[in-house]
Amino acid sequence: MERWAWVLALAALAGLVFFGMRRGWVNRARRQAAELPDFPVPPGDLGKELLPAATGLYVGTTRATDWQDRIAVGDIGHRANGTAHLYAAGLLLRRTGASDVWIPAESVVDARLDHKLANKVVPGAGLVVVTWRLGDQLLDTGFRGDDKTTQTDWVEAVRALAPVDDPTGHDTAGSRQEEK
């Protein structure tokens, strides 16, 4: 009889832990929904792709100031397999079983290779992380491509999308491309 009591107590403790985790996720999503504007949707005409599509894993989106502060609004916080598509108008992450993530070119701030994002750590610099602006918030979105040999190309191409301030005070898209 004593063994059953221990089993029931352990099952109740596990249920309490899962309840607390679920409640924390829901509260985070509610708080972030009030703080963040709606995520952008892709335009009807995306134009020509700048790079061949890359398959891989959408790792997640976090606040740029904290690699562990995952954005939980809608299904943005859910990891999913998918493909990355780069257009002059922006970056489109098509996710399997989840909504697409669209990062307009004018919102891109920078891109880099990193080894951590959204509570996922990979060996080496295995993630393409795009820093972009949503309203007044800076976000990091990560994608782990299946083909690691093209990741540097992706970082450079996404960086080239970022508007750059010129000395006259005008934003110019693609001026990084001209610098090379």
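The values are calculated or read from the model by the stated rules, or taken from the named source; none is laboratory data. Nothing here was measured: the structure is a model prediction, and the numbers come from that model. So basically every Cβ, Gly included, is an ideal-geometry build from the backbone, and we count neighbours across all protein chains shown. The protein model used for the area step is the full one, side chains on, heavy atoms only, and it has no ligands, DNA or RNA in it. Shrake-Rupley method; radii C 1.70, N 1.55, O 1.52, S 1.80 Å.
For the reader, a short list of remarks on this structure follows.
- Each Cα pair of the chain feeds into the Kirkwood radius, which the Stokes-Einstein equation turns, at 25 °C and 0.890 mPa s, into a diffusion coefficient of 138 µm²/s.
- Here the spin labels are modelled as points 7 Å beyond Cα on the Cα-Cβ line, and at T96 and D45 they lie 3.3 nm apart.
- Annotation: per residue accessible area for the chain equals 58 Å², rounded to a whole number [probe 1.4 Å, protein chains only].
- Radius of gyration over Kirkwood radius for the stretch 28-81, both on Cα atoms: the Rg/Rh ratio is 1.04.
- Cα gyration tensor, the stretch 51-137 - rounded (a/c under 1.5), prolate or oblate: rounded
- Ordered from largest to smallest accessible area (heavy atoms of protein chains, 1.4 Å probe), the residues K48, K148 come out as K48, K148.
- Accessible surface of the chain, 1.4 Å probe: 57 percent of it comes from carbon and sulfur atoms.
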